Structure formats: structure tokens, C-alpha cells
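Report on one structure; see the data block that follows.
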Amino acid sequence: MTAISADHLARSACVYIRQSTPDQVQRNVESQRRQYALVDRARALGWHDIDVIDEDLGVSGSGTRRAGFERLLHALCEGQVGAVFSLEASRLARNGREWHTLLEFCRIVGALLIDADTVYDPRQTNDRLLLGMKGTISEMEVASFRERAQAALRQKAQRGALVQRVPIGFIKTADDRIEKDPDARVRAAIETVFHKFVELASVRQVALWLHQQEILLPIARGPATAPEVVWLPARYHAVLSILKNPMYAGAYAYGRSRTETRLDAGQMIRRQIRRPRSEWPILIQDHHEGYIAWDVYERHQAMIAHNENARSRTVRGSIKRGGALLAGLLRCGHCGAKLLAQHPGPTVIRYQCSGHQLHPERASCVMFGGLRADRLVADQLLQCLTPLGIGAALEAMEHVHDTSADRVRQKALALEHASYEVTRARRQYDAVDPANRLVAGELERRWNDALRMERQVEGELQALQERRQPSLTDTAKRELLALARELPALWYGPHGSPEHKKRLLRIAVKEIIATCEGETIRLIVHWHGGAHTQIEFEKIRTGRHRYITEADIVDAVRALARIEPDARIAAILNKNQRRTAHGQLWTATRVCAVRNHYAIAVHREGERQARGEHSVGEVAAILGVGATTVLRLIRLQQLPAAQACVNAPWIVRAVDLDQFVATRHARSTPPPHHSPQLTLDIQ
């Protein structure tokens with residue numbers, strides 16, 4: 001008692017109160033009362049200015065950041081505290097650094113440490129020794145508690161009995177067994193997630209599909225002993241947590257994450273780090289009934305890992321909308337780097353080794369055009385798929401019906417759940433005393449909300465049934481089966497989706513190794529079944545690409561350019577149903593581009609006449625007959641004429657015309673096609 005001086009009493013007393021977990025705060029009420037009772041002890045010892053610091057209730061003292069403890073240290077540094085009251089040393093700190101920091105601050109400012117029994121002065125050697133021993137014992141005590149608790153948890157986990165909280169879709173029975181949730185709506189929602197992931201092969205696409213179809217997902221809230229199931233719109237992380245949890249595959253896993261501790265600005269920070277599946281300490285397969293098999297779960301995890309675009313240099317990446325079918329499947333056979341898909345033009349694809357980006361000073365190992373490579377690999381795939389085309393068509397027929405049925409089923413279950421909520425609200429309203437308006441009014445509001453929700457879901461179900469896709473007709477089924485027999489036509493048809501083609505390729509192809517030897521590209525296709533296929537093709541030389549104007553069109557342009565301007569040439573080619581190398585209609589500009597590329601001179605006015613050539617109209621004027629008569633003479637081969645292509649103007653040489661005129665009176669005018677009438681030669 002003599003350690004307390006007037007200087008200590010002139011300053012304030014701080015009563016520090018702490019419990020380690022929120023559960024202790026709720027359950028260990030007597031410990032709180034004992035700590036708050038230190039206020040009375042401080043008054044009994046003579047303090048009037050007492051500050052109670054209880055911000056750290058529910059916060060661990062093993063090195064985590066504590067706002068109350070920091071406020072205590074701040075007050076000590078300012079010299080405002082004469083004594084620090086705590087029930088025991090473990091309440092103040094559970095690690096040596098914070099404990100000895102507190103002791104040093106108290107020694108410097110001359111503050112006392114007081115527990116339920118004793119007053120300690122850190123400036124006294126004996127007291128400092130006792131306080132140091134108490135801090136060490138407190139630290140060792142918590143370390144011993146933690147080791148024993150971890151050993152007990154691990155032993156329980158090895159039996160598969162350590163289940164703190166089951167994921168949505170499961171329940172924990174009284175005998176600690178894990179079973180599927182008996183709620184049919186919950187089970188159907190979980191099954192829909194796995195079913196759509198098999199179809200779409202993307203977590204994001206599954207979340208978008210669920211959102212578009214207005215299918216809600218169940219979320220468990222509240223304590224683990226009595227969780228409340230709420231239905232919310234589908235979100236990406238909710239779908240991902242379902243797909244990545246091994247419990248849905250009937251497996252029990254312990255140690256999927258580990259705690260990593262580091263110092264940041266003098267503060268200890270802990271964070272959870274996910275472990276790869278190979279490092280899980282405990283994994284028990286077939287532990288309980290799951291929604292999918294374990295091999296399906298492993299395929300899902302591999303697919304999710306390959307869809308992580310942030311690791312695009314080591315994985316295939318997700319399926320994107322581009323036209324490069326082999327994107328993500330190609331790997332360099334020289335350096336092992338991934339081949340990237342590039343698009344130098346709107347319709348041009350090029351594959352290039354990504355090692356060039358890491359080492360710009362080196363030349364690219366492999367680089368080649370992608371259109372021919374895509375076609376050659378697709379041909380190999382079609383050879384394998386053609387025998388399976390009929391089965392795929394039949395499965396597609398069933399899929400059209402199943403997709404609509406899934407949406408209707410989900411909405412029907414939602415309506416059933418809404419009807420139950422109405423019945424439950426009505427029972428609660430009927431059970432209350434009508435005179436108690438404070439309770440009856442609230443229950444009546446809940447009943448009305450339940451009725452309103454039931455009507456809304458019923459309307460949505462009715463609208464969904466009206467929009468439901470009808471079953472395929474017999475004609476549609478025959479057309480689908482006919483397409484199945486001609487898979488190449490379906491694959492290369494204009495309506496083929498690049499996303500679907502990529503998905504088929506990734507299902508069948510594991511990886512493609514590309515190497516370059518001179519001007520030859522070699523592709524080794526590794527199929528998932530273990531087989532390998534080798535494909536070789538030559539590089540496309542400069543200027544030799546698929547967008548080359550056909551030779552007969554070039555010849556026609558060369559001939560027509562001597563008699564017609566570019567606009568007329570374009571009209572003639574379009575009339576003949578001829579298209580440019582890019583499949584477009586001809587214009588004067590495009591004809592000009594072809595002429596310039598092949599060094600064809602432009603048409604000059606009068607050059608045909610200078611060569612002694614006449615058009616049909618000019619010949620008709622010279623002979624004094626109609627153009628139809630001239631064309632008939634040409635068809636009967638009585639008047640020699642030439643034509644650059646079909647629908648091009650007929651050209652008659654002056655020499656041939658003079659010879660025809662000279663011999664004109666020596667023969668009769670050709671009779672008409674359909675009449676034996678005589679022709680009068682009127683001069």
C-alpha cells in the first residue's frame with residue numbers, strides 16, 4: 001500500500017477490460033463483472049478520476065491490433081495515468097513484446113500496475129522481476145492452450161468429425177453426420193449450378209445465366225446451429241464458392257488454407273492463404289453423399305484454373321469471342337512458352353510465341369498464320385466427331401426441352417416456398433390475441449408481404465410457362481439429324497459460333513505443341529484420351545494469302561479495261577455474281593485497286609476506235625440495222641465478234657466488219673428464228 005503516492009492519486013487510473021472472443025463476451029458474464037469491479041477497487045485505493053477502457057472486449061491479446069490497448073499506451077506516454085488496473089497480466093497482453101512495452105512505459109512515467117490482489121511498481125527491481133515472470137507465464141499459457149487445442153482439432157478432423165459450419169445445401173444432424181438439405185428448392189438450385197457449369201464451362205457465364213433467368217441462389221445466414229436460408233440474386237463469388245467446395249463432391253477436407261503472419265508498420269497482420277489441393281493435410285473422399293462425383297469435381301477445378309486469365313502465361317485462359325480457335329491450346333515446342341493469338345487485321349489471325357515478349361532481343365521461336373492451322377486441327381476433330389454426330393443431335397433435342405424445364409422447375413419451387421410463407425404468416429397471425437394490436441399489426445403486415453410475394457412469383461411462373469420453348473417438331477428433328485450427318489457443313493457454316501467450336505476443341509484437345517523447322521510448321525495435337533496427331537504445313541510466303549483475286553477475274557479485268565471504264569467493269573462483274581477476294585461487291589474503287597496491283601492500264605476514251613474495234617451500237621449504225629439484228633448475226637456466227645466475259649459488250653474488228661459488208665449482198669439476210677418469212681432489203 002505504501003507504493004501509492006499522492007502523485008499517483010493526482011493522476012487518473014485506467015481500468016483495462018478485455019475478453020478474447022465475442023463468444024466469451026456473450027457467455028462469460030462473470031468474468032466481465034469481476035473486471036468491472038476493479039473500478040470499486042480503484043476508488044477504495046483513493047482514485048477519483050477513473051477511466052474504463054473496454055474497447056477490446058472480444059479482441060485477442062496475442063499480437064493483434066487493439067484500439068483500447070493503444071489508447072492506454074498513448075495516455076501513459078502523455079503522463080496522465082497514475083495506475084493501470086487489470087484483473088491479471090493475461091488481460092493486458094498475451095505476448096512478450098506488448099507486455100514489456102507496457103512495463104517500460106510504466107517505469108518511465110512512474111505508473112503502477114495493480115491487479116485484484118497486489119500493487120506493483122515497475123521501477124522496483126523485485127516488482128519488475130515478478131511482472132516479467134507473470135508476462136512470460138501468460139505467454140506460455142496461451143501457447144500451451146493453443147497447441148493442445150490444435151492437436152485436439154486435428155485429431156477430430158482426422159475422423160472427419162470437425163465440421164464447424166456446413167455449406168448451403170447440406171445439414172448437420174444431431175450425431176454430427178452431414179446430409180443433403182431436405183429442402184427440394186435448395187437442392188435443385190445447387191444442382192442447377194453444377195449442371196450449367198458443365199454446359200457453359202465458365203463461372204462467370206453461369207452467374208450471368210442465373211441472373212438472366214432470374215434464378216435465385218440460397219445463402220445461409222445467422223449462427224451455425226440455426227442458420228436462416230435467404231434467397232438472393234446469383235453473384236459470381238457465390239457460384240464460385242459452390243463449385244470450389246469439395247464438400248459438394250462428398251469429400252471432407254481440413255486445412256484448405258493456412259494463416260500467414262507478417263509485420264506491417266510495426267503491426268502484426270494475419271491473412272489466410274489458400275493451399276493447393278496437394279498440400280491439404282486431411283482429405284477424406286466418400287465422406288458423405290455429394291451432389292457430384294470426385295472425378296467431376298477435379299475436372300471442374302482444372303477448368304476453373306485454366307480460366308484464370310491473370311495467369312494466362314501458364315494456363316489456357318477462358319474462352320473468348322475471338323475467331324482464333326486454337327487460342328490457349330498452343331505451346332511453343334522450343335521454349336515452352338504459350339503461343340498468343342494476334343489479330344493484325346479484322347479477319348486475320350496470327351499465332352506467335354509469347355517468349356518474344358519476355359526477351360525482346362531474341363527472335364520469335366514460332367509465328368504462323370492461324371486460319372490454316374485452325375482449319376487443319378478442326379478437320380482432325382471433325383474426323384473424330386462425325387461418328388458421334390447423331391448422338392449429339394439427339395442430346396441437343398433433349399437439351400432444348402431441359403433448359404426450359406429447369407427454369408420452370410426453379411420458379412415452381414419458389415412458388416411452393418412462397419405459399420408456405422403465406423401459410424406460416426397466417427398461422428402466426430391466427431395465434432396472436434387480436435386485441436394486442438402492437439403484435440397483431442406487425443404480423444398482419446408480414447402476412448400481406450407474403451401474399452404479395454406469392455402473387456409476384458405466381459405471375460413470373462405463368463409468364464415463364466407462356467414463353468417456354470415448344471418441343472421440336474418432326475421437321476425440325478429431321479433437319480437436325482440431317483445436319484448431324486454433315487458435321488463439316490455445320491462447322492464451317494455461317495451460323496457456327498466460335499465459342500462453341502472452342503469449347504468442343506478444349507473438350508477433345510489437351511494441348512498442341514508447335515515447332516518451326518525452316519519454312520515448315522509442325523503441330524503435335526495431344527488429345528485427352530492420350531493419342532497424338534501430327535500436322536505439318538508450309539508457311540505462307542509474302543503475298544500468298546487467301547485474299548487473292550481469282551486469275552479468271554484478273555484476266556477479265558485486263559480485257560475489259562481496254563474497252564470499258566472501271567464503273568462499267570464493276571457492274572459487269574457484279575452481274576456475273578463474281579465477288580472480290582473478301583467476298584464483297586465490286587465497285588469502281590475496288591476495280592481500280594486490282595488494276596494497280598496487276599499493273600493494268602486504265603481505259604482511255606477513244607483507244608478502242610484507235611485499234612479499229614467497233615461496239616454493237618457502232619456496227620448497227622454502219623449497217624443501218626438495229627442492235628438486235630447485229631446480236632443475231634453474231635449468235636449465228638455470221639459476223640465474227642469477241643467478248644471478254646459473259647455479259648461483257650461484244651467487240652467487232654473493223655477488218656471483220658469490212659469483210660462482212662463486202663460479202664453481204666452475196667448472201668441473204670439470215671432468217672428469223674421462229675418464222676420462214678422473207679426479209680426485204682430496203683436501200
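The values are calculated or read from the model by the stated rules, or taken from the named source; none is laboratory data. Note that the coordinates shown come from a computational prediction; the quantities given were computed from them, not determined experimentally. Ideal geometry is used to build each Cβ from the backbone, glycine not excepted, and the neighbour counts take in all protein chains shown.
May I ask you to say which residue of Val591, Val525, Val557 is in a helix (DSSP H, G or I) and in contact (Cβ under 8 Å) with a residue 40 or more places away in the chain? Lay out the reasoning, then the answer.
Details: Val591 fails: in contact (Cβ under 8 Å) with a residue 40 or more places away in the chain; Val525 fails: in a helix (DSSP H, G or I).
Going through Val591, Val525, Val557 in turn, just one is in a helix (DSSP H, G or I) and in contact (Cβ under 8 Å) with a residue 40 or more places away in the chain: Val557.
Yes/no matrix, rows are residues, columns are (1) touching a residue at least 60 places away in the same chain (Cβ under 8 Å); (2) of a type in the set (Gly, Ala, Ser):
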{"residue": "Lys244", "(1), (2)": "yes, no"}
{"residue": "Ala251", "(1), (2)": "no, yes"}
{"residue": "Leu263", "(1), (2)": "no, no"}
{"residue": "Ser278", "(1), (2)": "no, yes"}
{"residue": "Gln301", "(1), (2)": "no, no"}
{"residue": "Ala305", "(1), (2)": "no, yes"}
Output for region 502-520, where each listed residue is in contact (Cβ under 8 Å) with a residue 24 or more places away in the chain and either outside the structural domain of Gln383 (by TED's automatic domain parsing) or of a type in the set (S, T, N, Q) (or both): Thr515
Cβ-Cβ under 8 Å pairs, at least 6 apart or on other chains, region 141-170 side under 20 Å from Ser62 (Cβ atoms), far side surrounded by fewer than 13 Cβ atoms within 10 Å (Cβ to Cβ) and at pLDDT 85 or above: none
Unique match (being touching a Ser or Thr at 6+ places or on another chain (Cβ under 9 Å), within 29 Å of Asp23 (Cα to Cα) and not β-branched (Val, Ile, Thr)) among Ala42, Ala149, Ala89, Ala83: Ala89
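Please verify whether Arg123 is in a loop (DSSP other than H, G, I, E, B) and either without any contact (Cβ under 8 Å) to a residue 24 or more places away in the chain or touching a strand residue (DSSP E or B) at 6+ places or on another chain (Cβ under 9 Å) (or both), treating the condition exactly as stated. Please lay out each step first, then the result.
Working: in a loop (DSSP other than H, G, I, E, B): yes; either without any contact (Cβ under 8 Å) to a residue 24 or more places away in the chain or touching a strand residue (DSSP E or B) at 6+ places or on another chain (Cβ under 9 Å) (or both): yes.
Spelling it out, Arg123 is indeed in a loop (DSSP other than H, G, I, E, B) and either without any contact (Cβ under 8 Å) to a residue 24 or more places away in the chain or touching a strand residue (DSSP E or B) at 6+ places or on another chain (Cβ under 9 Å) (or both).
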Candidate set: region 642-680, residues that are more than 29 Å from Asp555 (Cα to Cα) and touching a Lys or Arg at 6+ places or on another chain (Cβ under 9 Å); chosen: the one modelled with the lowest pLDDT: His673
Residues that are under 25 Å from Gln212 (Cα atoms) and either modelled with pLDDT under 80 or of a type in the set (A, V, I, L, M, F, W, C) (or both), drawn from region 412-450: Ala412, Leu413, Ala414, Leu415, Ala418, Ala450
Counted residues, region 635-667 - those being buried (at least 18 other Cβ atoms within 10 Å of the Cβ) and of a type in the set (Val, Ile, Thr): 2
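Does Leu339 meet the test of being at pLDDT 85 or above and either crowded, with 19+ Cβ neighbours inside 10 Å or in a helix (DSSP H, G or I) (or both)?
Working: at pLDDT 85 or above: yes; either crowded, with 19+ Cβ neighbours inside 10 Å or in a helix (DSSP H, G or I) (or both): yes.
Considered against the rule, which asks whether it is at pLDDT 85 or above and either crowded, with 19+ Cβ neighbours inside 10 Å or in a helix (DSSP H, G or I) (or both), Leu339 comes out as yes.
Mind telling me which of the residues Thr173, Thr192 ends up being hydroxyl-bearing (Ser, Thr, Tyr) and without any contact (Cβ under 8 Å) to a residue 24 or more places away in the chain?
On the way: Thr192 fails: without any contact (Cβ under 8 Å) to a residue 24 or more places away in the chain.
None of the others qualify; the one that does is Thr173.
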Any pair with Cβ under 6 angstrom, 6 or more apart, that starts in region 58-84 at a residue that is over 15 Å from Glu98 (Cα atoms) and assigned by TED's automatic domain parsing to the domain that holds Ser12 and ends at one that is part of a helix (DSSP H, G or I) and of a type in the set (Lys, Arg): none
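Taking region 23-37, which residues are of a type outside the set (S, T, N, Q) and under 17 Å from Phe69 (Cα atoms)?
Quick first cut of region 23-37, residues of a type outside the set (S, T, N, Q) only: 23, 25, 27, 29-30, 33-34, 36-37.
Listed by number, the list holds a single entry, Tyr36.
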Region 264-300: number of residues that are over 28 Å from Gln155 (Cα atoms) and at pLDDT 85 or above: 3
Count - residues of region 594-627 that are among the aliphatic types (A, V, I, L, M) and without any contact (Cβ under 8 Å) to a residue 12 or more places away in the chain: 6
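Residues are listed down the side, and each one gets a yes or a no for (1) modelled with pLDDT under 90; (2) under 30 Å from Ile284 (Cβ atoms); (3) surrounded by 18 or more Cβ atoms within 10 Å (Cβ to Cβ):
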{"residue": "Thr118", "(1), (2), (3)": "yes, no, no"}
{"residue": "Leu129", "(1), (2), (3)": "yes, no, no"}
{"residue": "Ala151", "(1), (2), (3)": "yes, yes, no"}
{"residue": "Lys172", "(1), (2), (3)": "yes, yes, no"}
{"residue": "Ala184", "(1), (2), (3)": "yes, yes, no"}
{"residue": "Ile190", "(1), (2), (3)": "no, yes, yes"}
{"residue": "Phe194", "(1), (2), (3)": "no, yes, yes"}
Complete set of residues in region 508-543 that are modelled with pLDDT under 80 and not basic (Lys, Arg): Gly529, Ile540, Thr542, Gly543
Close pairs (9 angstrom Cβ cut-off, 6 or more residues apart or separate chains): in contact (Cβ under 8 Å) with a residue 60 or more places away in the chain and outside the structural domain of Ala207 (by TED's automatic domain parsing) in region 229-240, surrounded by 14 or more Cβ atoms within 10 Å (Cβ to Cβ) and outside any helix (DSSP H, G or I) anywhere: none
Complete set of residues in region 74-100 that are out of contact with any Asp or Glu (no Cβ under 7 Å at 6 or more places or on another chain) and exposed (fewer than 15 other Cβ atoms within 10 Å of the Cβ): His74, Cys77, Glu78, Gly79, Arg97
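Does Leu523 satisfy the criteria of being aliphatic (A, V, I, L, M), under 16 Å from Arg331 (Cα atoms), touching a Leu at 6+ places or on another chain (Cβ under 7 Å) and surrounded by 12 or more Cβ atoms within 10 Å (Cβ to Cβ)? Talk me through it step by step, then tell me what you get.
On the way: aliphatic (A, V, I, L, M): yes; under 16 Å from Arg331 (Cα atoms): yes; touching a Leu at 6+ places or on another chain (Cβ under 7 Å): no; surrounded by 12 or more Cβ atoms within 10 Å (Cβ to Cβ): yes.
Here the answer is no, as Leu523 does not meet what is asked.
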Region 428-448, residues that are more than 50 Å from the chain's Cα centre (by Cα) and surrounded by 13 or more Cβ atoms within 10 Å (Cβ to Cβ): Val432
Odd one out for Arg311, checked against (1) within 25 Å of Arg375 (Cα to Cα); (2) modelled with pLDDT under 85: (1)
Lone unmet requirement of (1) outside the structural domain of Ala207 (by TED's automatic domain parsing); (2) assigned to a strand (DSSP E or B); (3) touching a residue at least 40 places away in the same chain (Cβ under 8 Å) for Thr347: (2)
